[in-house]
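Student: Shown below is the structure under consideration.
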Amino acid sequence: MSAETYTVDRKQLEILRILSEYNEPVGSSLIRKELARRGFFLSERTIRYHLKLLEERGLVEGHEKIGRTITKAGLEELSRALAYERIGSILTKYLSLAYKTTYSPDSDSGDVVANVIIVDKKYEKDALNIIVELYNGKLLPSPYYKIIDEEEEYREISVPKGRVAILTVCNLTIDGVLMHSGIPLILRYGGLVQFLKGRPIRFVDLIAYEYTTIHPLEIFVYKRATSILRILKTGSGMIPANIREIPAAARDKTIEVIEELVSKGWSGILKIGVPNEPVFGVPVSMDRFGISMIGGMTPAAAMVESGIQVETFAPHCLVDISDMRKV
């Protein structure tokens, strides 16, 4: 297959991006560190595999024993890809991940969409305690999580020494279950929902998924705009959430699917609206209804509030739910 007809995947695109930032050859160990900063936790063996593919397609050039550099063809490929990224492809990425979900509430099995939270190993117990608190407060979309210890690998996630990766279930999984039940939907906004005396009352900030190239909820986490721990203590505060729209004709089926998920321990549904009515002050399109869910970034946001330094990558990958533990 030639470079002209080959589509570079996201991991290879990031490798090309890293190489483009250096004037000298770059080795796989440095590429691994840079990839980890960008949310791709690959082993050096996996990186060498991707570099070999890129070299075969003329996108990178090897230099004996000292690393690789990007070629002119690689720069052209990177330019095309970056132009595509700027056209709001994040919405397509999220809907594609949701569609790839194979989780079935009936059998409580299959792949779910996971968020990755990286913390120093010394904070592992504190981070897990927060997940338990969120679950008990019904502020966690799913009761499942997975720990990947330092220097362990799982599905191309490779954790650096002295750190642990905590995988939690993204609410895109719920969207995927709805899709595979024949229910069409569109993600509309990510934002902050205000709680007052234990009840969600309104969205106070919104970012449209269609017009952004970054995860909207990550912005609120890193701006420290949430107050989730305060909600757990007093019932009032701000929590990351999102909203999607579904055709009115599918409302009964939607409620049926969500009730089945709730029976399996899932939660985080803030509101199922009625057709043509706003959800927490956000209008919906004609002949549709809205659903607001607590964002999968909520555990990371709560950890940041508690003083734990985190790196978040959400949504990140698919995980077999049988590999995860239940809270």
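Student: Report, to the nearest whole %, how much of the accessible area of the chain belongs to carbon and sulfur atoms, 1.4 Å probe, protein only.
Tutor: On the way: 7380 of 15230 Å².
Its accessible area is 48 percent carbon and sulfur atoms.
Student: Given the Cα-Cα distance of E256 and K72 and 0.36 nm per residue of separation, how much length would full extension add, in nm? Don't skip to the answer; put the middle values down first.
Tutor: Numbers: separation 184, 0.36 × 184 = 66.24 nm, distance 5.39 nm.
Between E256 and K72, full extension yields an extra 60.8 nm.
Student: Let me ask something else about it. Students often check this: by mean Cβ neighbours within 10 Å, which of 68-80, 298-310 ranks highest, and how do the rest follow? Each step should come with its number before you reach the end.
Tutor: Numbers: 68-80: 17.5, 298-310: 21.3.
The peptides rank, most packed first, as 298-310, 68-80.
Student: Ok, one more. How much solvent-accessible surface does D126 expose, in Å² to the nearest 10, with a 1.4 Å probe and all protein chains in place?
Tutor: Taking all protein chains as shown, D126 has close to 80 Å².
Student: Continuing with the same structure: Whole-Hz ³J(HN,Hα) for each residue in the stretch 258-265, computed from phi via Karplus 6.51 cos²θ - 1.76 cosθ + 1.60 with θ = phi - 60°, x for glycine and proline: what do you get?
Tutor: 3J(HN,Hα) across the stretch 258-265, in whole Hz: 5, 4, 5, 5, 4, 5, 9, x.
Student: Could you derive backbone 3J(HN,Hα) for the stretch 286-291 from the dihedral phi with the Karplus parameters 6.51, -1.76 and 1.60 (θ = phi - 60°), listing whole Hz in sequence and x where the residue is Gly or Pro?
Tutor: 4, 6, 10, 10, x, 10
Student: Just the number please: accessible area per residue for the chain, 1.4 Å probe, all protein chains included, in Å². Walk me through the numbers on the way to the answer.
Tutor: Numbers: 15230 Å² over 327 residues.
Here the per-residue accessible area is 47 Å².
Student: Spin-label point model (7 Å from Cα, Cβ direction): what's the E44 to N276 distance in nm?
Tutor: A separation of 6.4 nm, rounded to one decimal place.
Student: While we're on this one: Cross-link list K11/K65; K93/K197; K233/K271; K52/K121; K65/K93; K65/K146: which exceed 29 angstrom alpha carbon to alpha carbon? Display every interim value, and only then the final one.
Tutor: Values: K11/K65 23 Å; K93/K197 36 Å; K233/K271 22 Å; K52/K121 33 Å; K65/K93 36 Å; K65/K146 37 Å.
Distance filter (> 29 Å) returns K93/K197; K52/K121; K65/K93; K65/K146.
Student: For a quick check: with amide H placed at 1.01 Å from N, whose amide H comes under 5 Å from R188's, ignoring anything fewer than 5 positions away on the same chain?
Tutor: I243, R244, E245
Student: Oh, and also: Each residue of the stretch 26-36 in turn: what ³J(HN,Hα) in whole Hz from Karplus with 6.51, -1.76, 1.60 and θ = phi - 60°, glycine and Pro shown as x?
Tutor: Karplus values, whole Hz, x for Gly and Pro: 10, x, 5, 5, 5, 4, 4, 5, 5, 4, 4.
Student: Helix-derived [θ] at 222 nm for the chain: sum -39500 (n - 2.57) over DSSP H runs of at least 4, divide by residue count, nearest 500? Spell out each step's value before the answer.
Tutor: Working: 11 runs with 116 residues, N = 327.
Calculated at 222 nm, the ellipticity per residue is -10500 deg cm²/dmol.
Student: Once the Cβ-Cβ distance between T92 and L196 is put in as r, and R0 is 41 Å, what FRET efficiency do you end up with, to the nearest 0.05? Walk me through the intermediate numbers first.
Tutor: Working: r = 35 Å, r/R0 = 0.86.
E(calc), rounded to 0.05, equals 0.70.
The values are calculated or read from the model by the stated rules, or taken from the named source; none is laboratory data. Everything numeric in this text was worked out from a predicted model, so none of it was measured. Reconstructed Cβ throughout: ideal geometry from the backbone, glycine too, with neighbour counts over all protein chains shown. Ligands, DNA and RNA are stripped out before the accessible areas are found, and what is left, the full protein with its side chains, is counted by its heavy atoms. Shrake-Rupley method; radii C 1.70, N 1.55, O 1.52, S 1.80 Å.
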